[in-house]
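The structure appears below as structure tokens.
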Amino acid sequence: MTLDQIAVGQEVKIVKVGGEGELRCRLLDMGLIPKTVVKVQKAAPMGDPIEIHLRGYELTIRKEDAGKIEVVF
């Protein structure tokens, strides 16, 4: 399951961060690393972007990028 498939209000743990090159490095730099617990806070009216809460702060990412992050409940 990937982060873009998680409903608002649910909490999950990151298993793997995909993507390539600069995008993957940027996601990791923002704190999206394996074993991190994240909670989906909000989604824009059309579903993109989504806001997640992790490590004490809110982060807004595109749904396309969230689809590269594998998670488990």
Output wanted: per-residue J couplings in Hz (rounded whole) for the range 29-44, from phi through Karplus 6.51 cos²θ - 1.76 cosθ + 1.60, θ = phi - 60°, x for Gly and Pro. 4, 7, x, 8, 10, x, 6, 7, 8, 10, 10, 6, 8, 8, 9, 5
If amide H atoms are modeled at 1.01 Å from N in the peptide plane, then the residues at a separation of 5 or more from Lys42, or on another chain, having amide H under 5 Å from its own are Glu51
Residue by residue, what Karplus-based ³J(HN,Hα) values in Hz, rounded to whole numbers, does the range 64-73 have, using 6.51, -1.76 and 1.60 with θ = phi - 60° and x for Gly and Pro? 4, 6, 4, x, 9, 10, 7, 9, 9, 6
Enumerate the amide H contacts of Gly19 below 5 Å, restricted to partners 5 or more residues apart or on another chain; note that Pro and chain-start residues carry no placed amide H. none
Could you give me the ³J(HN,Hα) list for the range 19-28, computed from phi with Karplus coefficients 6.51, -1.76, 1.60 and θ = phi - 60°, whole Hz, x at Gly and Pro? x, 9, x, 4, 4, 4, 4, 5, 4, 5
How long, wide and thick is the chain, going by the Cα atoms along their three principal axes, in whole angstroms, largest first? 30, 23, 22
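A short reminder: the numbers here are calculations on the coordinates, not readings from a lab. None of the values given here were measured: they were computed from a predicted structure.
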